[in-house]
Amino acid sequence: MQPVRLEMSGFLSYREQEVIDFSGFDVACISGENGAGKSSILDAITYALFGKSRVNSDVALINNASDQASVLFNFFYNETLFRIIRRIYRNTKPTEVIFSYFDSEKDSFVTIGANSKSKTDEEIRNRLNLDYETFTTASFFLQGQADSFARSNSSDRKEILAKILRLNRWEEYQTIVKGLHKEKNHELISERTKRSQLANKILDEATLQTKLETLNLTLNEIALQENSAAKRTLMLESSINEFETLRKEIQIKQDTILLKKESIEEKESLLKQKKEQISKLESLLAREAEINLAFGNLRKKELFIIEQRMSEKDVKNLTEQRSEIEKRIKEKTERIESEILQLRLKRERIDSEVQQIPEISSKLAELRKLQSD
């Protein structure tokens, strides 16, 4: 790890923002009086990297005159420039941590990890392959703990050295190799099983060939049966088409007969009405002489009475009115006789059509019988 830049603001002894640029020197000596902030620089680096320092409480890292503290640390690790920013607030607002790396193509820092602080801390530890205890033991001695490594037991020293030398990589490699070995064993067993199955298939080849020949014969028979069935199907379809054509013809004839039947019924009803009208007119004609005689007698009496009461001029006017009325009666009588003649002609035509009804009914019965067959 190679430090590049450290920024502190409101952090321990540094109330105002302080920037340390490590790129301008290779070796540095930090000196000063007690409380000047020498250890605060190392605390800022460890807090930025791991969220830990000599102080147990994060809030205790905030300068007494500040409401918040922030640390920015840029460093190279495995030829990649990383940046970690941590912010602490005196109120209930949670601590913020941002982990990013510099993308040369984008010429900007790209954030790594999730929004969760715990997940981001885990991402940092995985990237650096280092934790707070190992870093403070291997990189520098905390104040008053210069002999901490020497005082550690053999197991702790072994663990610290393994983390420093990244010996745990070999354990990871061993785990990967074991997994690959197990996978290859499964593949080998699967391949052997396939070969065994293939050998069994080869042994059964003769039996399969015999079954195949039998199956081919069966398929040929089925093909012949399918051809025969196809021919029968065509014949059946032809018969169905013929039947459908005949059915449509019968339906058309039935519809025609039904229309004729309705027409005949309508004409019979009309004929009945005309007969009734003719009967009434004939009755009137039969009484024509009687009506005319009575009407003549009535007119004579009326004229006699009128002549007795009216002058000659009035008689002349009445005579003229009588002539006009008699003329109208004659015209009306002629028109009625003409209508009676026309009705008689219609009656004769309807009687002719009625005589054809038995023949049409017979044809209708034949069509219905043909349809039922």
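Worth a mention:
- When the C-alpha to C-alpha distance is required to be over 22 Å, the pairs from 52/93; 260/346; 38/93; 267/363; 261/363 that qualify are 38/93.
- Ordering 281, 298 by the number of other Cβ atoms within 10 Å of each residue's own Cβ, fewest first, gives 298, 281.
- Under 5 Å, built H, 5+ apart or other chain: amide partners of residue 15: 10
- Across 217, 284, 128, mean-square fluctuation computed from a Gaussian network of the chain (C-alpha pairs under 10 Å connected) peaks at 284.
- Considering only 289, 230, 36, the Gaussian network model of the chain with Cα springs below 10 Å gives its largest mean-square fluctuation to 289.
- When 8, 235 are sorted by how many other C-beta atoms sit within 10 angstrom of their C-beta, beginning with the fewest, the order is 235, 8.
- Charge sum, other residues only, whose C-beta stays under 14 Å from residue 69's C-beta, Lys/Arg counted +1 and Asp/Glu -1: -2
- Dipole moment magnitude, nearest 20 debye, the chain about Cα centre, only Lys, Arg, Asp, Glu C-beta charged: 1100 debye
- Whole-Å semi-axes of the chain's equivalent ellipsoid (Cα gyration tensor): 131, 53, 15
- Projecting the Cα positions of 220, 180, 48 onto the charge dipole of the chain (unit charges on Cβ atoms of Lys, Arg, Asp and Glu, taken about the Cα centre) puts 220 furthest along the positive direction.
- Residues with amide H under 5 Å from that of residue 112, placed H, sequence gap 5 or more: 99, 100, 101
- Per-residue ³J(HN,Hα) for the range 59-75, Karplus 6.51 cos²θ - 1.76 cosθ + 1.60, θ = phi - 60°, Hz, x for Gly and Pro: 4, 5, 7, 6, 4, 4, 9, 10, 9, 8, 9, 9, 9, 10, 9, 9, 7
- Estimated dipole of the range 2-128 in Debye, rounded to 20 [Cβ of Lys and Arg +1, of Asp and Glu -1, Cα centre]: 480 debye
- Taking amide H as placed 1.01 Å from N in the peptide plane, residue 63 has its amide H under 5 Å from the amide H of 11, 12, each at least 5 places away in sequence or on another chain.
- Here 204, 131, 43, 107 are placed in order of increasing Cβ neighbour count within 10 Å, fewest first, which gives 107, 204, 131, 43.
Bear in mind that the values in this text are calculations on the coordinates, not laboratory data. Since the structure is predicted, the reported quantities are computational estimates derived from the model, not experimental observations. Cβ coordinates were reconstructed from backbone atoms using ideal geometry, including for glycine residues, and neighbour counts include every protein chain displayed.
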